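Here the structure is laid out as structure tokens; the discussion comes afterwards.
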Amino acid sequence: MSTTSCKVAAAHIGRTCKHYRDGQCTSALALPLYGAHPSVGVCQVCEHYRGRPRGLGDVVEAAARLLGIKRAVKVVEHATGRQCGCPERRQALNEKYPTSVNGGIDETPKES
């Protein structure tokens, strides 16, 4: 990735997270995993990301959080000891249906 495209990615996607302030990640959940100074690539796939949607996966995750579905899934995960796969599904949807330049979801899926 070139320096210019890295800066564009940082401005557009990676550094819009509410947990990224003053050049550091402040998420108590992400810090042990990625450290205080995560790369743009880490911010793009971080499951603790909270900011402008990076793609359809972020939109689905936000809806699940608002509707209480995410909390119910966490209860089931805790009770069964099995992971739901939500972070992987979120990342896959973000990659396949990324946010377009104008802020909407690009309706043309990316080839896998």
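The values are calculated or read from the model by the stated rules, or taken from the named source; none is laboratory data. Just so we're clear, the structure is a prediction, and the values are computed from it rather than from any experiment. We place every Cβ from the backbone using ideal geometry, glycine too, and count neighbours over all the protein chains shown.
Output the residues belonging to segment 35-54 that are buried (at least 17 other Cβ atoms within 10 Å of the Cβ) and either among the hydroxyl-bearing types (Ser, Thr, Tyr) or out of contact with any helix residue (DSSP H, G or I) (no Cβ under 9 Å at 6 or more places or on another chain) (or both).
49
Out of all the residues in segment 46-102, which are at pLDDT 90 or above, hydroxyl-bearing (Ser, Thr, Tyr) and in contact with an Asp or Glu (Cβ under 7 Å, 6 or more places away or on another chain)?
Hit for segment 46-102 is 97, nothing else.
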